[in-house]
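Worksheet: the structure to be examined is printed underneath.
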Amino acid sequence: MRRFLTCIAVFLMFSIANSALASWWLVRSSDGKCLVVDIEPADKDKNVTKIGKDVYQSAEQAEADAKRICAEANPPDKAAPHAE
């Protein structure tokens, strides 16, 4: 029983440490959408372009940068003047 609990404890510690070491990337797809991904895009892939920092340590950092970068790249359309 003690060995079983030790194995579970080791597994839990490894899974927590593994998620803390995850890397995130910010990419723009061929249709212009910004995406946060956890798999590094290959340089050979012509459907996505890596933008932003080279790598992000958390998804929250990447999403915050995505809002800023993608908003700058796609300014809102000017509204048409209203006819009076």
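No value in this document is a laboratory result; all are computed from the given coordinates. In this text the structure is predicted, and so the values were computed from the model without any measurement. A quick note on method: Cβ atoms are made from the backbone with ideal geometry, for glycine too, and the neighbour counts reach across all protein chains shown.
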Cα-based Debye curve of the stretch 22-73 sampled at q = 0.16, 0.26, 0.28, 0.29 Å⁻¹ gives log₁₀ I(q)/I(0) of -0.38, -0.99, -1.12, -1.18
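Excluding TRP25 itself, calculate the net charge of residues whose Cβ lies under 10 Å from the Cβ of TRP25, where each Lys or Arg counts +1 and each Asp or Glu counts -1.
That works out to -1.
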Computed ³J(HN,Hα) along the stretch 61-71: with the Karplus parameters 6.51/-1.76/1.60, θ = phi - 60°, integer Hz and x for glycine or proline, the list is 4, 5, 5, 5, 5, 5, 4, 5, 5, 6, 5
